[in-house]
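Below: the structure, in structure tokens.
The values are calculated or read from the model by the stated rules, or taken from the named source; none is laboratory data. The structure displayed is predicted, hence computed values, not measured ones. Here the Cβ is made from the backbone with ideal geometry for all residues, glycine too, and neighbour counts use every protein chain on show. Heads up: the accessible areas ignore ligands, DNA and RNA and are worked out on the full protein's heavy atoms, side chains in. Shrake-Rupley method; radii C 1.70, N 1.55, O 1.52, S 1.80 Å.
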Amino acid sequence: MTDTTAKTTRNAAFLVIVASLGYFVDIYDLLLFSIVRSKSLHDIGVPDADIRLQGVFVINMQMFGLLLGGILWGVIGDKLGRIKVLFGSILLYSIANFANSMVHDINTYAIIRFIAGIGLAGELGAGITLVTETLSKERRGYGTTIVAVVGLFGAVAANIVSSYGWRPAYVIGGCLGIVLLLLRLGTFESGMFKNMADTEVSKGNFLMLFNNRKRFLKYLYCILIGAPLWYVVGILITQCKEFGAALGSTETLSAGNGIMYTYIGISIGGIFAGVLSQITKSRKITMTVFLLMSLLSVILYLSAKGITNEKFIWLCSFMGISVGYWATFVTIAAEQFGTNIRSTVTTTVPNFVRGSLIPINFLFNIFVLHYGMVTSGYIMMFLLTAISLFSLSQLKESFSKDLDYVEDEKNFAS
């Protein structure tokens with residue numbers, strides 16, 4: 001191995017490590033509110049009877065921030081570089097974390113979670129874009145899998161830290177972000193972006209995703225294939241207290257433990273999904289297997305009459321494994337589009353999936369009024385799985401696709 005090759009390998013490894021740690025902090029902050037929802041809202045004076053709906057309000061504000069931030073950071077990543085996104089986004093959500101530790105009313109809480117959402121939106125997309133553009137097409141699947149697996153343990157850390165109090169948990173989240181900011185001083189820009197930077201091609205043009213029907217549909221399908229994952233985490237697990245009551249549980253189910261074990265499962269599932277995609281050389285086969293498995297896991301959860309905390313933990317672990325396709329899903333999005341809008345796509349797609357929790361929450365609440373928690377849970381999962389499988393069938397296999405190309409502003413690609 002030559003010195004140049006060894007240096008390139010070391011740089012790539014360092015990039016994967018830093019992207020992984022960035023996603024770790026991202027997931028920590030993203031899920032912290034879901035973990036401390038009941039305790040924090042109770043402490044700021046929200047009546048117990050209003051905690052579910054006020055919690056939905058706060059999480060919707062956070063997700064709306066993710067939607068807007070996804071567009072903002074995606075465009076910045078394609079226009080100014082992926083590295084600038086990694087620095088700017090983490091600085092913003094670190095400051096928001098410190099501010100969240102000092103809230104005393106629901107509106108301030110929601111506004112700061114909105115700002116945090118904007119900051120959180122840039123982390124995963126920029127990291128995955130850098131990894132997919134830096135590693136070879138044979139190894140990029142492994143790289144993105146490592147990022148996802150390490151990152152998802154942020155949920156475990158958030159649950160453990162939350163036991164010391166929700167205000168200290170937010171402070172620690174801010175500190176973790178500042179430490180990561182310092183680590184990022186050694187990162188480097190994507191070679192593909194550098195090669196494109198001085199060209200006249202349109203960069204970070206979000207409207208390009210809508211001025212061509214084929215390109216728009218491909219973008220929409222990339223978003224829709226990931227929707228079931230956030231339904232599982234954002235509703236089935238976050239509202240486990242209410243689901244437990246509907247299933248006749250004699251114990252109060254813990255959302256914190258549920259999220260922790262779900263994300264341990266997602267990390268394990270992420271490894272299986274990454275290995276399966278490498279063995280089959282197919283992202284689509286992998287996604288199909290996991291989407292069907294996630295449907296089965298939710299059926300088992302919603303049919304668990306008299307569920308106990310022990311059974312809940314096992315079901316959360318299984319549901320987590322079954323939705324462990326997050327890295328594969330984001331990699332598919334990165335591989336579908338050219339370098340000049342790849343950051344825009346890879347940043348907006350996962351955040352639009354996260355943001356899809358807003359209409360999913362709205363539709364779920366309508367169903368609950370007519371059918372109750374459990375039946376509504378079934379309806380939403382079957383509906384979202386059907387939409388995801390159809391969307392997946394419309395996308396082309398991207399496993400071995402060469403990513404060094406650009407999208408034409410009017411035509412499909414060049």
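Here are the numbers for this structure:
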| quantity | calculated |
| --- | --- |
| Options Gly234, Gly244; residue that is part of a helix (DSSP H, G or I) and either under 22 Å from Tyr28 (Cα atoms) or touching a Lys or Arg at 6+ places or on another chain (Cβ under 9 Å) (or both) | Gly234 |
| The listed residue being open to solvent by 30 Å² or more (accessible area, probe 1.4 Å) and in contact (Cβ under 8 Å) with a residue 40 or more places away in the chain, out of Phe364, Phe352, Phe399 | Phe352 |
| Residue satisfying condition, being of a type outside the set (D, E, K, R), touching a residue at least 60 places away in the same chain (Cβ under 8 Å) and not in a helix (DSSP H, G or I), within set Ile264, Ile307 | Ile307 |
| Total residues in the stretch 76-94, condition open to solvent by 60 Å² or more (accessible area, probe 1.4 Å) and farther than 15 Å from Asp26 by Cβ | 3 |
| Pair list, Cβ < 6 Å and 6+ apart or interchain, from the stretch 13-30 residues that are farther than 24 Å from Ser136 by Cα to residues that are acidic (Asp, Glu) and open to solvent by less than 10 Å² (accessible area, probe 1.4 Å) | Asp26/Glu123 |
| Extreme residue, nearest to the chain's Cα centre (by Cα), among residues of the stretch 211-223 that are touching a residue at least 40 places away in the same chain (Cβ under 8 Å) and surrounded by fewer than 20 Cβ atoms within 10 Å (Cβ to Cβ) | Leu220 |
| Given (1) surrounded by fewer than 18 Cβ atoms within 10 Å (Cβ to Cβ); (2) closer than 30 Å to Asp404 by Cα; (3) of a type outside the set (A, V, I, L, M), index of the condition Trp73 fails | (1) |
| Qualifying residues in the stretch 80-134 (those that are at pLDDT 90 or above and of a type in the set (Val, Ile, Thr)) - the one nearest to Arg342 (Cα to Cα) | Ile118 |
| Members of the stretch 333-364 found to be at pLDDT 90 or above and β-branched (Val, Ile, Thr), listed by number | Ile360 |
| All positions within the stretch 315-331 that are at pLDDT 90 or above and in a helix (DSSP H, G or I) | Leu315, Cys316, Ser317, Phe318, Met319, Gly320, Ile321, Ser322 |
| Filtered residues of the stretch 95-123 (kept if open to solvent by 10 Å² or more (accessible area, probe 1.4 Å) and under 18 Å from the mean Cα position of the chain (by Cα)) | Phe114, Ile115, Ile118 |
| Residue match in the stretch 272-287 (condition: crowded, with 24+ Cβ neighbours inside 10 Å and either closer than 24 Å to Val58 by Cα or in contact with a Leu (Cβ under 6 Å, 6 or more places away or on another chain) (or both)) | yes |
| Count of residues meeting criterion [under 25 Å from Val56 (Cβ atoms) and surrounded by fewer than 23 Cβ atoms within 10 Å (Cβ to Cβ)] in the stretch 235-254 | 10 |
